[in-house]
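Single-structure report; data block below.
The values are calculated or read from the model by the stated rules, or taken from the named source; none is laboratory data. Predicted, not measured: the structure shown is a model, and the values here were computed from it. Cβ coordinates were reconstructed from backbone atoms using ideal geometry, including for glycine residues, and neighbour counts include every protein chain displayed.
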Amino acid sequence: MFHLFGEGDFPLRHRFVCACAALALASLASAQSVPGYVNFADGEKRLAELARQNSSWIQLVSIGNSAGGKKLHLLAIAAPGKVKPEQRPAVFIGANLVGFHNAGTQAAVAFVEKLAAKRNDAAVKQLLETRTFYVAPMLNPDAHDGLFQGPKYRRSLNVGQLDRDLDGLIGEDGYNDLNNDGKITVMRMEDPAGEWIVDEKDARLMRRADPLKGEKGKFKMMPEGFDDDKDGQFNEDGPGGYRPDRNFAHAWNDADPESGPWPSAQPESKAIMDFLITHRNVAMAVVFGPANNLLEMPRGAGGRGGDVGSIKVTLPRNLASATGLEANKEYTIDEVYELLKDSPLARAQGGLTKEALAQFLGGGPATAPDAEDLKFYQSFGDEYKKILEKAGLDTKRAGGQSAPGGLQNWLYYQYSAMAIELDVWGIPKKAAPKPAANTAADALTLDKFEKMTAAEVGALDDAKLGDFLKSINAPAMATAQMIKQGVASGRMTPAQMAGMIRSQGGAQAARPAAGGAASSGPTTPDEDTIAYVDASAKDGFVNWTPVTLPDGTKAEVGGVDPFLAITPNEAELKKAVDAHADAILFMAGKLAEVAITDVQVKSLGSGVFEVSATAANNGFLPTATRLQVRTRSFLPARLTVTLPSGAKLVQGNNRVSSERITGTGGTVKATWLISADSGAKVTVSILTPNAGEDRREVVLQ
């Protein structure tokens, strides 16, 4: 199977900017310097030098090798502190597993360089003494150098062996640089059965013909190349093996040969999983890749076959009693949802979805982020956007979604860490036309809406409310009347509605239709790309050039440079990586961090003492995501007492556990009765896998 356009790399919708998403690893030709970026060999030297210059708190290790035998380097970063590095809350930063996201590599290295430069600043010093950072900047070495050697295209495959067209040959039909410009772009050929036509607004662009408007396609489109093996197919079997970035277990695509024969089959993905599974102190992970789930809230990956509502579940006794249903009897999610959707429980959660209900009742694997976890994503997203705006970077562009079978999804759904994917930079949105005088101030926004009362919402003009719903990409079923009725009934407040819209990624501004007000159908960011080319990257578009294929077929080659949308120039890159270093420092400071806050000893006489202890989470994040509680993939937090020789626990368990200690002062408490000699010492400890630990020794007297 050959994939023309990679999911997450090149969405195919109504309009089409001609850009080639490369999926095969071709023979590399002459190396090319790209200002601001390092190839793999130079990157190795840069990491080694960082470790050498900061040897007291940075270690360079290898967690494995690529399919081609290149080392997967990782920097373990932690300054001496009260708690051992392996027991502190940790942040894992993994970059460029996709192979062509070289800006991610630069962002990961820039983060380490900022730590080194600000080593003695109070805030950074505290982080280095209380956190551990694991930074792996070049996770797909076999594809990493595609940016530097021609012909240029987005390489993502390791050097494994894969026969995509099952003809017994490997790598015999890859891309061809037909116009000799050093890039693989797009080729168009006239074909009455084709789906594409030239865009009437800009002849550089192509778009799909719309049969509903009587349009008929005139061209077929494909990456630049020809039928090398003369089997009637183009570019279907280039060199290279598998995609390590699609070889993780969550929503792994077994129908895609390039995703590997099974999850973790590739040495790169297995090495990453092995490292993380043996380092359970990782509380948050940042993946530098093609998507951005702080600009656009994560919506999940994969899913169950069929309708969620038809899944059958049994209810726990307390829930069965509350709904009037029978315990231990099977009901469909639809049946339970109808009884609970308007309940106080649902309102307290800001609304209830069938997906969330199915997950709560154990109706199959999680396929969408937990609603409470999304609140923390939204909080981080708000601060992240402020950091980008301060640096003069765009925050209005779409973030896209992490790929099925990808690292970010495995990290959240199965490893159960707070997992974030950041794309570092993207083509900024084209500036919108200035609104007519006085209309901007009157426009309804999500911020304004959530502060309104039910009466104020009810008094809104239907047209104004309808325009607002369109502006936030609300589903078509969400009409002005539906919103008014929902608020008037008391089922949901405007603030709760706004929270649900944000949590589901609905706060993104809607794009204008491609052909003006009369047009229909979604649009791709074509106009944004061309506007960026015209303003800032004149060489980013290859003009259509006639070519003749070896068999005499006439075609034209052209389109957008394959790295244009993901590889900013040196000046823009510097701004972007610096801003992302600040964002990671901010988020690292928000990790859960436990401490013993109080221990009381009371003598009850006859050598018996009552010991009461409280441990608190002084961080912003909880000690576990909601998904982590559900999967139980980590040990819970444990508040324990350790007795000296000769002492005996009279009452209470020596360990009290909590699956999740909420942030900003959430606590876990325990009380023990201990028989011991006066003057004996006991140790009270709070232990967690990924929120640190603390101990306090007390004297029984």
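Annotations for the structure displayed:
- Every pair of residues 6+ apart whose Cβ atoms lie under 6 Å, when the first sits in the stretch 638-654 and is touching a residue at least 24 places away in the same chain (Cβ under 8 Å) and surrounded by 19 or more Cβ atoms within 10 Å (Cβ to Cβ) while the second is in a strand (DSSP E or B) and of a type in the set (Phe, Trp, Tyr): Val641/Trp672
- Residues of the stretch 572-595 include at least one that is assigned to a helix (DSSP H, G or I) and among the aromatic types (Phe, Trp, Tyr).
- Of all residues in the stretch 368-394 being among the hydroxyl-bearing types (Ser, Thr, Tyr) and under 14 Å from the mean Cα position of the chain (by Cα), the one that is surrounded by the fewest Cβ atoms within 10 Å (Cβ to Cβ): Tyr377
- Any hit, the stretch 256-270, residues being on the phi < 0 side of the Ramachandran plot, assigned to a loop (DSSP other than H, G, I, E, B), touching a Lys or Arg at 6+ places or on another chain (Cβ under 8 Å) and surrounded by fewer than 19 Cβ atoms within 10 Å (Cβ to Cβ): yes
- Segments classed as helices (runs of 4 or more DSSP H), wholly inside the stretch 398-514, with at least 2 members that are out of contact with any helix residue (DSSP H, G or I) (no Cβ under 6 Å at 6 or more places or on another chain), modelled with pLDDT of 80 or more and surrounded by 14 or more Cβ atoms within 10 Å (Cβ to Cβ): 407-413, 462-471
- The stretch 226-239, residues that are in a loop (DSSP other than H, G, I, E, B) and either of a type in the set (S, T, N, Q) or touching an Asp or Glu at 6+ places or on another chain (Cβ under 8 Å) (or both): Phe226, Asp227, Asp228, Asp229, Asp231, Gln233, Phe234, Asn235, Glu236, Gly238
- The single residue among Lys114, Lys82 that is surrounded by fewer than 24 Cβ atoms within 10 Å (Cβ to Cβ) and modelled with pLDDT under 95 turns out to be Lys82.
- For the stretch 606-614, the criterion of a residue being in a loop (DSSP other than H, G, I, E, B) and buried (at least 21 other Cβ atoms within 10 Å of the Cβ) is satisfied by no position.
- On inspection, Val135 does not qualify as closer than 24 Å to Ala691 by Cβ, in contact with a Leu (Cβ under 7 Å, 6 or more places away or on another chain) and in a helix (DSSP H, G or I).
- Cβ-Cβ under 7 Å pairs, at least 6 apart or on other chains, the stretch 110-123 side on the phi < 0 side of the Ramachandran plot, far side assigned to a loop (DSSP other than H, G, I, E, B): Ala116/Asn54
- Test: residue in the stretch 139-155 that is assigned to a loop (DSSP other than H, G, I, E, B), in the same structural domain as Ala79 (by TED's automatic domain parsing) and surrounded by 24 or more Cβ atoms within 10 Å (Cβ to Cβ): yes
- Single unsatisfied condition, Leu591 versus (1) in contact (Cβ under 8 Å) with a residue 12 or more places away in the chain; (2) more than 30 Å from Ile387 (Cα to Cα): (2)
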